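Here's the structure, in structure tokens; my notes come after.
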Amino acid sequence: MMDVEASLQRVTRVESLASVLDRRLPEGARPEIRIVELPVEGFRTTVKAGVVGGQAGFRGARSTAVTPVEECVIAHPLVEELLVHGFYGEATDVMIRVGAATGERMAHVSPSATGVVLPEDVRIIGEDELAAGRRSWIFEELAGRRWRISAHSFFQTRPDGALALVDVVRAEVRRVVGDGPVGRLVDACAGVGLFAGTIPSEHVTAIEWSRSACADARVNLADREAKIVGSAIDRWRPTPADVVIADPSRPGLGRSGVEIITRTNAPVVILISCDSAAGARDLQRFVEAGYRIDAMSMVDMFPHTARIELVSTLVRGN
């Protein structure tokens, strides 16, 4: 029954995404959307929850009330144990993050870790401690690499989804550019360096505004010929590139971000969008700037929700 329901949800997400794109893009500009399916249970390795009476739970839409949970179908088992059985003392919020491959676990609690009781293997860090300069992280392993991920750093909420994105992007770069490393790669909105560390290149520039993520990227990309730039994409001074990979947050690149990327004169841009409306706006701007949408893949990372993760390959000119 779950497989049938998941398939129907997936069809709905694709139809909704196609409708949003077609309203924004010129007729005939959108290629067929390829779908990458992922498991629909037990996958999420990062979960944010509210806390009431020391118990973790979820807030309903447009509500501040926290309802404790007895199970969570989408949470990885290492997360679900802490979500259901952990005691979070005086906290009001908690983010639980685990490494599926390493087994490492971290609980980032706000405003402090006072009274928190969790298994001994869990790294407990209060927001007040982070504000005072303490650091805390876990490691995850995927795509043949080991990744440091700090409490304040962004990383995809499921490692199989991160790997699927890497596989799609790597295949698209190979298809459009050819075998061998990219000469000059720009990883815009780089986070902890996921694409900078997995797409072969002679030199990579990783642009990221988060200090925490930049610090992680320096560790994760220590073996690469990489330049880490601490900047928002719309404040970066563009340099020539052969391929740009852009993975912005939900609001997308925006007009200024698209303009900055087009000024790299990169013949290939791969845009990763986690919001259909923002992605459609960004794609429209790239098309208006002279790019053609060559391929689209939806990595179905968010079952049981309306959210999407769209990978679009853009090629300059005809």
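The values are calculated or read from the model by the stated rules, or taken from the named source; none is laboratory data. Remember, predicted model here, so these are calculated numbers, not experimental data. Counting neighbours? That spans all protein chains shown, and the Cβs are built from the backbone with ideal geometry, glycine included.
In summary, Gly57 fulfils each of the numbered conditions (1) modelled with pLDDT under 95; (2) surrounded by 15 or more Cβ atoms within 10 Å (Cβ to Cβ) with the single exception of condition (1).
Only one of Asp242, Asp247, Asp275 is acidic (Asp, Glu), modelled with pLDDT of 95 or more and crowded, with 22+ Cβ neighbours inside 10 Å; which? Walk me through it before giving the result.
Working: Asp242 fails: crowded, with 22+ Cβ neighbours inside 10 Å; Asp275 fails: crowded, with 22+ Cβ neighbours inside 10 Å.
Selected residue: Asp247, the only one of Asp242, Asp247, Asp275 that is acidic (Asp, Glu), modelled with pLDDT of 95 or more and crowded, with 22+ Cβ neighbours inside 10 Å.
The condition (being of a type outside the set (A, V, I, L, M, F, W, C), touching a residue at least 60 places away in the same chain (Cβ under 8 Å) and either in a helix (DSSP H, G or I) or farther than 24 Å from Asp300 by Cα (or both)) is satisfied by just one residue among Arg30, Arg10: Arg10.
Considering (1) more than 30 Å from Gly42 (Cβ to Cβ); (2) acidic (Asp, Glu); (3) surrounded by fewer than 23 Cβ atoms within 10 Å (Cβ to Cβ), the lone condition that Asp282 does not fulfil carries the number (3). Exactly one residue out of Gly126, Gly86, Gly103 is at positive phi, in contact (Cβ under 8 Å) with a residue 12 or more places away in the chain and not acidic (Asp, Glu): that is Gly103. Against the condition at pLDDT 95 or above and not in a helix (DSSP H, G or I), how does Leu163 come out, does it pass? When the stated conditions are applied, Leu163 does not pass them.
Kindly indicate which of Arg174, Arg170, Arg146, Arg123 is in a strand (DSSP E or B), charged (D, E, K, R) and closer than 26 Å to Leu38 by Cα.
Being in a strand (DSSP E or B), charged (D, E, K, R) and closer than 26 Å to Leu38 by Cα holds for just one of Arg174, Arg170, Arg146, Arg123, which is Arg146.
Within the option set Val20, Val94, being under 25 Å from Ala151 (Cβ atoms) and of a type in the set (A, V, I, L, M) holds for one residue only, Val94.
A quick yes/no check of all residues on (1) of a type outside the set (Asp, Glu); (2) in a strand (DSSP E or B):
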{"site": "Arg224", "(1), (2)": "yes, no"}
{"site": "Lys227", "(1), (2)": "yes, yes"}
{"site": "Arg237", "(1), (2)": "yes, no"}
{"site": "Pro240", "(1), (2)": "yes, no"}
{"site": "Ser256", "(1), (2)": "yes, no"}
{"site": "Glu259", "(1), (2)": "no, no"}
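Of all residues in the range 37-55, one or more are in a strand (DSSP E or B), in contact with a Cys (Cβ under 8 Å, 6 or more places away or on another chain) and among the hydrophobic types (A, V, I, L, M, F, W, C).
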